[in-house]
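These notes are about the structure you will find just below.
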Amino acid sequence: KRLNVDLGDRSYPILIGEGILSRMPEFLAERGIKTVNKLLIVTDDTVAGYHLAPLQEILTQAGYSAAVHTVPAGEQSKTLEQFEEVITSALKAGLDRHSVIIALGGGVVGDLAGFAAASFMRGIRFVQVPTTILAHDSSVGGKVAVNHRFAKNIIGAFHQPELVLFDTALLKTLPQREIRAGLAEVIKEGLIWDADFVAWCEEHADALLALSPEETAYALYNGCHVKAQVVSQDEREQSLRAILNLGHTIGHALEAVAQYQQLLHGEAISIGMVGSAKLAVRLGYDPEIYTTTKRILQKFGLPVRIPHDYSTEQILQAMMHDKKFRDGKMVFVVPVAIGKTEIRDDIEASWIKEIIDELKQEA
Ligand code: NAD
Ligand code: ZN
């Protein structure tokens with residue numbers, strides 16, 4: 001499957017399919033990346049253990065020379081220190097303006113390697129080989145960043161990749177929990193934009209959880225497609241992009257309260273999406289928004305309840321840090337139907353408190 005992300009002269013293709021990694025040399029050539037161009041693969045130590053050697057083999061066979069920079073797996077590698085280490089590797093490997101950084105990994109590696117590519121010599125080319133389902137999200141939109149100890153993704157840039165190569169075979173080594181959590185973000189793309197896709201996801205839940213190649217490729221394609229549509233329309237229509245944050249206001253707060261330990265991002269937004277659906281019903285929209293949202297997420301084995309030991313006070317506090325408050329009213333992404341979303345800026349903070357309390361009682 002091929003999706004073109006349309007951005008004028010910064011347009012690029014996302015190629016999705018089982019075993020597609022073996023065709024990398026062909027796609028590099030298509031994008032004007034030649035064997036004289038030095039490559040630096042950035043990856044993490046977990047992903048490297050499974051997928052680095054095959055990628056190196058494919059590149060070497062085709063005559064490319066690729067250096068490697070490996071970081072420890074996990075969010076703690078999205079730092080300025082690690083960024084500097086990547087640049088050190090780039091210099092040691094003799095990269096120049098014509099060189100290319102290849103991100104082999106999930107969103108962490110993509111964000112770190114992408115930020116390095118955006119900055120090295122004021123910007124060199126960048127190729128993404130996502131290895132998580134969640135990374136479909138980072139493959140569209142061009143956002144690259146590292147964290148500061150006070151704030152996530154606060155040091156960053158916009159830097160579009162040359163090419164995204166999404167080989168569904170690489171997902172087979174993902175832990176089941178990461179698969180579910182990544183699918184939460186895919187379901188979100190449906191909930192904000194495409195009711196048919198939501199129905200399709202529900203119908204194909206088992207195939208998706210088992211990573212069946214056809215269904216997985218279709219789901220990733222659709223996830224990227226929705227995000228690409230939203231992002232490209234946002235260039236004209238400011239603020240549309242905010243709908244991508246469905247479930248994220250509550251989700252981010254839960255992640256913060258869990259100190260980014262107990263809950264994966266996808267799990268947190270799963271609970272957050274149920275909260276947004278509850279809010280929709282309270283605002284008078286169809287109760288089915290809530291029942292459908294919850295049913296689908298549960299079918300994917302995702303959490304829909306806030307653990308009892310999370311303090312409502314702390315969750316609300318964390319939300320206030322999340323900048324979406326304006327004099328007692330909150331800005332909230334509300335699903336007004338399955339597949340349709342609106343931004344409301346008139347949500348009473350007291351309602352959110354009640355919804356959080358209710359979310360602790362969800363069955
Ligand atoms: P991740 O990159 O940390 O991957 C999750 C875990 O899975 C890691 O431990 C990793 O080593 C492991 N892993 C990755 N691929 C694997 C594979 N194929 N087999 C076995 N293990 C594998 O995190 P993620 O969930 O992919 O992404 C989260 C990050 O993405 C966050 O930092 C978030 O800020 C960022 N993000 C960025 C954007 C954007 O637009 N730039 C969008 C969404 C998320
Ligand atoms: Zn998200």
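The values are calculated or read from the model by the stated rules, or taken from the named source; none is laboratory data. Just so we're clear, the structure is a prediction, and the values are computed from it rather than from any experiment. Every residue, glycine as well, gets a Cβ built from its backbone with ideal geometry; the counts of neighbours run over all protein chains shown.
For this structure, a couple of remarks:
- Within region 70-87, residues that are over 25 Å from P175 (Cα atoms) and in contact (Cβ under 8 Å) with a residue 24 or more places away in the chain have Cβ atoms under 8 Å from residues that are aromatic (F, W, Y) and within 15 Å of ligand 1 (Cβ to nearest atom) in these pairs: F83/F115, counting only partners at least 6 apart in sequence or on another chain.
- Qualifying position, being surrounded by 20 or more Cβ atoms within 10 Å (Cβ to Cβ), assigned by TED's automatic domain parsing to the domain that holds L55 and at pLDDT below 95, among V146, V140: V140
- Residue within region 262-272 that is out of contact with any helix residue (DSSP H, G or I) (no Cβ under 8 Å at 6 or more places or on another chain) and surrounded by fewer than 21 Cβ atoms within 10 Å (Cβ to Cβ) present: yes
- Taking the criterion of being within 14 Å of ligand 1 (Cβ to nearest atom) and touching an Asp or Glu at 6+ places or on another chain (Cβ under 8 Å), the residues of region 217-243 that qualify are G223, V226, K227, A228, R241.
- Matching residues, region 243-266, being in contact with a Ser or Thr (Cβ under 9 Å, 6 or more places away or on another chain) and small (G, A, S): G247, G251
- For P130: the one exception among (1) without any contact (Cβ under 8 Å) to a residue 60 or more places away in the chain; (2) more than 14 Å from the chain's Cα centre (by Cα); (3) near ligand 1 (Cβ under 9 Å from one of its atoms); (4) buried (at least 24 other Cβ atoms within 10 Å of the Cβ): (2)
- Beta carbons closer than 9 Å, at least 6 apart along the sequence or on distinct chains, pair a first residue in region 28-42 that is under 23 Å from T88 (Cβ atoms) with a second that is of a type in the set (S, T, Y) and in a strand (DSSP E or B) for I41/T70; V42/T70.
- Residue check, N222 among the polar types (S, T, N, Q), surrounded by 17 or more Cβ atoms within 10 Å (Cβ to Cβ) and out of contact with any Phe, Trp or Tyr (no Cβ under 7 Å at 6 or more places or on another chain): no
- Residues that are at pLDDT below 95 number at least 3 in the following helices (runs of 4 or more DSSP H) confined to region 247-343: 248-257, 312-321.
- Selected residue [part of a helix (DSSP H, G or I), within 12 Å of ligand 1 (Cβ to nearest atom) and either out of contact with any helix residue (DSSP H, G or I) (no Cβ under 8 Å at 6 or more places or on another chain) or over 20 Å from E214 (Cβ atoms) (or both)] from A169, A157, A184: A184
- Residue list for region 133-152, filter: part of a strand (DSSP E or B), near ligand 1 (Cβ under 10 Å from one of its atoms) and either out of contact with any strand residue (DSSP E or B) (no Cβ under 7 Å at 6 or more places or on another chain) or free of Cβ contacts under 8 Å to residues at least 60 places away in the same chain (or both): K143, V144, K152
- Listed by position, the helices (runs of 4 or more DSSP H) contained in region 1-119 that have at least 3 residues being surrounded by fewer than 21 Cβ atoms within 10 Å (Cβ to Cβ) are 24-30, 53-61, 80-92.
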